[in-house]
Amino acid sequence: METVTEKLPNGNEIVYKVYNGTAYHVDTPIEVVNELETARIARQFGRRLRLRLFLGDPETGRDWGEEHDAIGYIGRSMGRIKIPLLIHNQRSYGGPGLLDHRIVKIVDVQTKRTVYQHPLYQLPAYTLGTCPPKIGAIDMAAEGYTVGVYRDGENVANFKTEDQARRWIAFMRGERMSK
């Protein structure tokens, strides 16, 4: 497999391994590369292979609990070094570059089948509780927020109903593919 090095303006360097013309971070597991390439090539041929990506610590397998830029199709950038991109929907032409070496789990959105999971994958503990009374200058109760969601004991989201909070937790756990 060919490698290519990119020198960043701050003096750092990123080393990529090139697979099928796409440059993946050198630390990206080959299983992740294979799943992303399968999805990227499927998109080129009109097949809809939408993925849910879970990012985390590649050493411990600990899921970071990323909520945004987590679902989409796989594309690739243009230019000298073509990196994988997360394309929001079929009509989109571009999207954010992937932290492909930080992917700890991949789920096929349509089938909800896990196609890759880090050997030590760890999902944070999500629990329901009461919403904090104030966040900054905002009086949460006055705004209608009564239900708090806690990840490993830390408040990470607040909702007006318990149903909304439960749907969000199911999304974060990968049990649902929409919030």
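The values are calculated or read from the model by the stated rules, or taken from the named source; none is laboratory data. Worth saying up front: this structure is predicted, and the values here are computed from it rather than measured. Methodologically, a virtual Cβ is constructed for each residue, glycine included, from the backbone with ideal geometry; neighbour enumeration extends over all protein chains shown.
Worth pointing out:
- Among the residues making up segment 30-49, those that are over 23 Å from MET1 (Cα atoms) and exposed (fewer than 14 other Cβ atoms within 10 Å of the Cβ) are PHE45, GLY46, ARG47, ARG48.
- Contact map, segment 4-23: residues that are among the basic types (Lys, Arg) and modelled with pLDDT of 95 or more paired with residues that are in a strand (DSSP E or B) and exposed (fewer than 12 other Cβ atoms within 10 Å of the Cβ), Cβ distance under 9 Å, separation 6+ or inter-chain. Pairs shown: LYS17/GLU2; LYS17/THR3.
- Subset of segment 143-161 that is of a type outside the set (A, V, I, L, M) and in a strand (DSSP E or B) - its residue that is nearest to the chain's Cα centre (by Cα): ARG151
- Condition check for ARG52: more than 28 Å from LYS7 (Cβ to Cβ), basic (Lys, Arg), in contact (Cβ under 8 Å) with a residue 40 or more places away in the chain and in contact with a Phe, Trp or Tyr (Cβ under 8 Å, 6 or more places away or on another chain): no
- Residue among LEU128, LEU120 that is in contact with a strand residue (DSSP E or B) (Cβ under 7 Å, 6 or more places away or on another chain), modelled with pLDDT of 95 or more and not in a helix (DSSP H, G or I): LEU128
- Residue in segment 38-48 that is under 18 Å from the mean Cα position of the chain (by Cα) and under 30 Å from VAL149 (Cβ atoms) present: yes
- The listed residue being closer than 26 Å to PRO119 by Cα, touching a residue at least 60 places away in the same chain (Cβ under 8 Å) and exposed (fewer than 15 other Cβ atoms within 10 Å of the Cβ), out of ASP27, ASP57: ASP27
- Qualifying residues in segment 40-57 (those that are modelled with pLDDT of 95 or more and aliphatic (A, V, I, L, M)) - the one farthest from ASN89 (Cα to Cα): LEU55
This table checks each residue for (1) hydrophobic (A, V, I, L, M, F, W, C); (2) modelled with pLDDT under 95; (3) part of a strand (DSSP E or B).
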| position | (1), (2), (3) |
| --- | --- |
| ARG80 | no, yes, no |
| LEU85 | yes, no, yes |
| TYR93 | no, yes, no |
| HIS101 | no, no, no |
| VAL115 | yes, no, yes |
| PRO132 | no, yes, no |
| ALA141 | yes, yes, no |
| GLN164 | no, no, no |
| MET172 | yes, no, no |
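- Residue in segment 94-111 that is surrounded by fewer than 15 Cβ atoms within 10 Å (Cβ to Cβ) and of a type in the set (D, E, K, R) present: no
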